[in-house]
Amino acid sequence: MADSERLVIDHVGHHGDGVVTGSGGNIYVPYTLGGETIEAAPVPGHHPDRRRLLKVEIASAQRIAPFCPHFGVCGGCAIQHWQAEPYRAWKRELVVTTLAQSGIECEVAPLVDTHGAGRRRITLHGRMGTHDVLKVGYAAAGAHDIVPIDRCPILDPHLDGAIEAAWAVAEPLIAMGKPLDIQVTATESGLDIDVRGSGPLSTAIITRLSRIAEQNRLARLTRHGELVLMRTPPVVTMGSARVALPPGSFLQATVAGEEMLAAQVADHCKRGKNIADLFCGVGPFALRLAARARVAAFDSDAGAVAALQKAATSTPGLKPVKAEARDLFRRPLMPQELRDYDTVVFDPPRQGAQAQATQLAASKVPTVVAVSCNVTTFARDAKILIEGGYRIDGVTPVDQFRHTPHVELVAKFRR
């Protein structure tokens, strides 16, 4: 091929791509490993530093066969071609390097794998392809196309039937001409599906969707959070509480991931008697912490806060829980409000919690526990706390997004 080139991969970068280093700048090639000699080609319409892998000429001894037939086309997994141990060392090193670059010195524990039974929630995309052929699947790697899938081996068995149900739901809706995002969550009472992207639904389409929900034994089907049909409330257990999920709820990606993060948080909070849980969601931490401490929980998602409060109120044996809807990006808890708490937990979205970290740094709260799904924004927020007088006890990296560059972590700060 005229525009192909022979390259030697130096190492795997922080997005999971192989990196070719050189005087003209780095080149990035997905699905490659350090030390490999490969043939690659430019990717039309992409940044000039990107390449497409054509052939591995000299493979790394650490290379293994991927287990999914869609790997390399589907954009869901970045890494299935690397042996487990070097992959795990690389993922931990992402945390070590990012913290060091921010000037944060602390112990980084070994990576804890929490893939468990697999992912319990997915978002599939429905699009009309060429010749008016429906495609339901994941976004293609590095492209705007959709890769149709009929199975995904990284899913929790409780998501069995999710892909078939998504195809069935997409069929009547795609005719309305709008791209669809179909979020499917495995709950203890069945699959919970929320569809986004369709226009207003006619009575005929609602009738058809209701029939599809029955045929696929869905717990609930909603469109933009509005109920289409509910056979049974979608419920998950958190500690001793049972939470009825609002439509389109955020949950940790795996059951094992949630349990591991919650156990770490509980251990770091064991001396707390009055705990604030910030960015609390539907309560994976608050509802467990309330088994032995008073908890005040805050989140901008009013539906999640209401579900948490209802679960707490209806669960016997819990200490008092007060849940409040509050935008902590615009209205972080101020130092005078934080005086009521001996421990604060915060678990923000990927953008981190800069405003709240700044107020925590100005407070006198003895213990702060941070949970993060983005090591870069965690490092920024941690630096704010450290500069405000906190000491970091150490960081535990958690891998519930196996086969991807995403890593989560838990850390404890003390005054």
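For the reader, a short list of remarks on this structure follows.
- By accessible area with a 1.4 Å probe, ligands and nucleic acids excluded, highest first: order of S363, S189: S189, S363
- Stretching the chain fully between I64 and K322 yields a gain of 87.9 nm (0.36 nm per residue, less the alpha carbon separation).
- Amide H contacts for T187 (H built 1.01 Å from N in the peptide plane; partners 5 or more residues away or on another chain; cut-off under 5 Å): D192.
- log₁₀ of I(q)/I(0) at q = 0.12 Å⁻¹ - segment 26-130, Debye sum with one point per alpha carbon: -0.61
- Where the Cα pairs of segment 356-415 fall when distances are cut into 5 Å bins, in %: 4, 20, 30, 21, 13, 7, 4, 1, 0
- Taking only protein heavy atoms and a 1.4 Å probe, the accessible area of segment 60-182 is 54% carbon and sulfur.
- Summarising the label geometry, the points placed 7 Å from Cα in the beta-carbon direction at T21 and E226 lie 5.6 nm from one another.
- Expressed as a whole percent, the proportion of Cα-Cα pairs in segment 1-72 lying more than 16 Å apart is 46%.
- GluC sites (Glu not before Pro), loop per DSSP, at most 15 other Cβ atoms within 10 Å - longest free stretch of the chain: 189-415
- Under a model in which nothing but the beta-carbon of Lys, Arg (+1) and Asp, Glu (-1) is charged, the chain shows a dipole of about 1200 debye around its Cα centre.
- Only DSSP H runs of four or more residues enter the estimate; each adds -39500 (n - 2.57), and after division by the residues of the chain the mean residue ellipticity at 222 nm equals -7000 deg cm²/dmol.
- Dipole axis of the chain (+1 Lys, Arg; -1 Asp, Glu on Cβ), positive-most option in V95, G225, I193: G225
- Each label was represented as a point 7 Å from its Cα along the Cα-to-Cβ direction; for A302 and R350 these points are 2.7 nm apart.
- With 0.36 nm allotted per residue and the present C-alpha distance subtracted, the A143-K364 stretch has 74.8 nm of extension available.
- Placing unit charges on each Cβ (+1 for Lys and Arg, -1 for Asp and Glu) gives the chain a dipole about its Cα centre, and among I9, V136, G248 the Cα reaching farthest toward its positive end belongs to G248.
- Taking one quarter of the surface of the C-alpha convex hull of segment 255-302 gives a mean projected area of 3.3 nm².
- The ellipsoid that matches the Cα gyration tensor of the chain has semi-axes, each √(5λ) in whole angstrom, of 36, 32, 17, with the longest given first.
- Each listed q (0.18 Å⁻¹) maps to a log10 I(q)/I(0) for segment 193-323, found by the Debye formula over equal Cα scatterers with no solvent: -0.94.
- The packing ranking of peptides 286-294, 307-315, highest mean first, is 286-294, 307-315, where packing means the average number of other beta carbon atoms within 10 angstrom of each residue.
The values are calculated or read from the model by the stated rules, or taken from the named source; none is laboratory data. Because the structure is a prediction, the values reported are computed rather than measured. No Cβ is skipped: glycine too gets one built from the backbone with ideal geometry, and neighbour counts run over all protein chains shown. The accessibility values were calculated without ligands, DNA or RNA, using every heavy atom of the protein model including side chains. Shrake-Rupley method; radii C 1.70, N 1.55, O 1.52, S 1.80 Å.
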